[in-house]
């Protein structure tokens with residue numbers, strides 16, 4: 001198996017037509033503080049990697065059950081799982097139920113914290129550039145995704161928003177935002193990367209849950 | 001007359017149902033260097049204010065002649081002009097013929113300098129926030145403009161792009177980008193603010209022209 005990507009929260013190996021993800025114990029944050037919406041590594045906590053993988057498996061299965069196509073194949077052990085290889089689209093597709101995190105920092109006083117949004121946003125996946133926001137016309141003209149693919153990503157993301165929104169509502173929790181990534185495989189799009197506490201923010205009693213807390217909710 | 005706004009390149013006074021703009025000699029730039037696409041004052045040059053007003057008058061008349069509704073009423077003297085009062089929409093609507101300036105800084109290596117784009121982008125008008133990019137869903141959900149207004153702004157901006165593109169082509173020049181602002185008046189939208197060398201970038205022989213040089217082109 002060949003290491004093809006060393007990421008902040010996981011390493012990715014290639015295995016024939018599959019990818020093997022190894023989930024690390026690194027914690028994401030913003031300005032040195034732990035924040036599941038953050039984009040920098042702010043520390044480590046034992047068991048975090050296996051907690052994220054447990055969540056990823058759970059959410060991928062939840063989406064598949066609801067008709068969303070994903071790249072998930074199976075979990076191998078506590079820290080590793082097997083996925084279908086795809087041609088990755090370098091975008092993060094963000095669904096914002098409510099205004100939080102970078103959206104508040106970006107637009108300041110014109111938005112109220114936790115104001116209802118229900119919008120899809122795209123950012124260009126680039127650590128060097130700080131994952132800048134990118135609008136649909138630019139995505140198309142820069143050849144990142146076609147108009148048809150943009151529409152499909154938005155439609156799938158809204159469907160995932162319904163599924164996750166309902167799931168957390170039934171648990172007495174509130175999901176504030178989540179992000180998806182997409183890859184091309186055999187002419188169609190699959191939800192790729194992971195879906196876990198690292199890619200969503202869930203609120204309980206006025207506080208955003210940490211990954212391990214989220215795991216308690218799922219189990 | 002009451003001073004209602006002190007801006008980087010102009011001061012705005014209220015006069016009944018009209019606004020009076022006083023054009024200053026300040027130069028716009030980026031990182032201390034003169035750049036007509038910049039957003040900070042980097043110096044002053046005598047005659048710059050009157051040059052910009054001459055251009056604004058010229059371009060507003062050019063647009064009006066081509067069926068675009070604007071807030072321009074008349075020039076008063078070398079430095080002042082009269083405009084219709086409107087309810088200003090706090091957006092900059094940017095048309096990018098080619099990739100230049102902030103677009104290149106924002107998206108780095110995935111875009112080639114001067115790559116053809118022909119796209120409309122919106123930024124939120126806020127010096128404090130650095131005029132952040134904002135996509136259509138957010139504009140609508142934050143109540144900045146309605147879906148209908150967004151469509152009208154895009155349509156008008158594309159029409160202005162045709163007019164300006166043809167104008168400069170006929171002069172043997174190339175316009176790279178420009179920005180418009182819009183205001184509401186009596187249920188419709190008008191192009192407001194100014195249209196001049198301060199709000200567009202025009203290339204001649206591989207170099208972006210300064211305001212005074214642009215004036216030579218128009219005359």
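Look at residue B:3 and say whether it is surrounded by fewer than 18 Cβ atoms within 10 Å (Cβ to Cβ) and in a helix (DSSP H, G or I).
Considered against the rule, which asks whether it is surrounded by fewer than 18 Cβ atoms within 10 Å (Cβ to Cβ) and in a helix (DSSP H, G or I), residue B:3 comes out as no.
Please go through region B:152-176 and pick out each residue that is farther than 15 Å from residue B:70 by Cα and free of Cβ contacts under 8 Å to residues at least 12 places away in the same chain.
B:162, B:166, B:169, B:170
Of all residues in region A:166-197, how many are out of contact with any strand residue (DSSP E or B) (no Cβ under 6 Å at 6 or more places or on another chain) and closer than 22 Å to residue B:137 by Cβ?
Within region A:166-197, residues that are out of contact with any strand residue (DSSP E or B) (no Cβ under 6 Å at 6 or more places or on another chain) and closer than 22 Å to residue B:137 by Cβ number 2.
Out of region A:17-34, which residues are outside any strand (DSSP E or B) and without any contact (Cβ under 8 Å) to a residue 60 or more places away in the chain?
Listed by number, the residues that qualify are A:24, A:25, A:31, A:32.
Please specify each residue of region A:96-124 satisfying the condition of being more than 10 Å from chain B (Cβ to nearest Cβ), buried (at least 19 other Cβ atoms within 10 Å of the Cβ) and not in a strand (DSSP E or B).
The answer is A:100, A:101, A:102.
Only one of A:149, A:136 is free of Cβ contacts under 8 Å to residues at least 24 places away in the same chain, in the same structural domain as residue A:209 (by TED's automatic domain parsing) and over 16 Å from the mean Cα position of the chain (by Cα); which?
A:136
It is to be established whether one or more residues within region B:68-78 are within 11 Å of chain A (Cβ to nearest Cβ) and touching a residue at least 24 places away in the same chain (Cβ under 8 Å).
no
In region B:172-181, is there at least one residue being out of contact with any helix residue (DSSP H, G or I) (no Cβ under 8 Å at 6 or more places or on another chain), away from every other protein chain (no Cβ under 14 Å) and at pLDDT below 95?
Yes; the residues of region B:172-181 include at least one that is out of contact with any helix residue (DSSP H, G or I) (no Cβ under 8 Å at 6 or more places or on another chain), away from every other protein chain (no Cβ under 14 Å) and at pLDDT below 95.
Could you go through region A:107-127 and let me know if any residue there is touching a strand residue (DSSP E or B) at 6+ places or on another chain (Cβ under 6 Å) and over 30 Å from residue B:121 (Cα atoms).
no
Does any residue of region A:130-143 turn out to be under 30 Å from residue B:97 (Cβ atoms), surrounded by fewer than 16 Cβ atoms within 10 Å (Cβ to Cβ) and more than 10 Å from chain B (Cβ to nearest Cβ)?
no
Which members of region A:41-62 meet the condition of being within 25 Å of residue A:101 (Cβ to Cβ) and either crowded, with 19+ Cβ neighbours inside 10 Å or within 15 Å of the chain's Cα centre (by Cα) (or both)?
A:48, A:49, A:51, A:52, A:53, A:54, A:55, A:56, A:58, A:59, A:60, A:62
Given the criteria more than 9 Å from chain B (Cβ to nearest Cβ) and within 19 Å of the chain's Cα centre (by Cα), does residue A:158 qualify?
So residue A:158 fits the description; yes.
Considering (1) more than 27 Å from residue A:111 (Cα to Cα); (2) modelled with pLDDT under 95; (3) out of contact with any helix residue (DSSP H, G or I) (no Cβ under 7 Å at 6 or more places or on another chain), say which one residue B:127 fails and leave the rest.
(1) is the only condition that residue B:127 fails.
Only one of A:42, A:52 is under 18 Å from residue A:7 (Cβ atoms), away from chain B (no Cβ under 14 Å) and assigned to a strand (DSSP E or B). Can you tell me which?
A:42
Within region B:69-81, is even one residue within 16 Å of residue B:184 (Cβ to Cβ), surrounded by 18 or more Cβ atoms within 10 Å (Cβ to Cβ) and either modelled with pLDDT of 95 or more or not assigned by TED's automatic domain parsing to the domain that holds residue B:154 (or both)?
Checked against the condition, which is being within 16 Å of residue B:184 (Cβ to Cβ), surrounded by 18 or more Cβ atoms within 10 Å (Cβ to Cβ) and either modelled with pLDDT of 95 or more or not assigned by TED's automatic domain parsing to the domain that holds residue B:154 (or both), region B:69-81 yields at least one hit.
Quickly run through region B:130-145 and pick out the residues that are touching a helix residue (DSSP H, G or I) at 6+ places or on another chain (Cβ under 8 Å) and farther than 19 Å from residue A:138 by Cβ.
B:142, B:144, B:145
The values are calculated or read from the model by the stated rules, or taken from the named source; none is laboratory data. These numbers come from a predicted model, not from an experiment. Methodologically, a virtual Cβ is constructed for each residue, glycine included, from the backbone with ideal geometry; neighbour enumeration extends over all protein chains shown.
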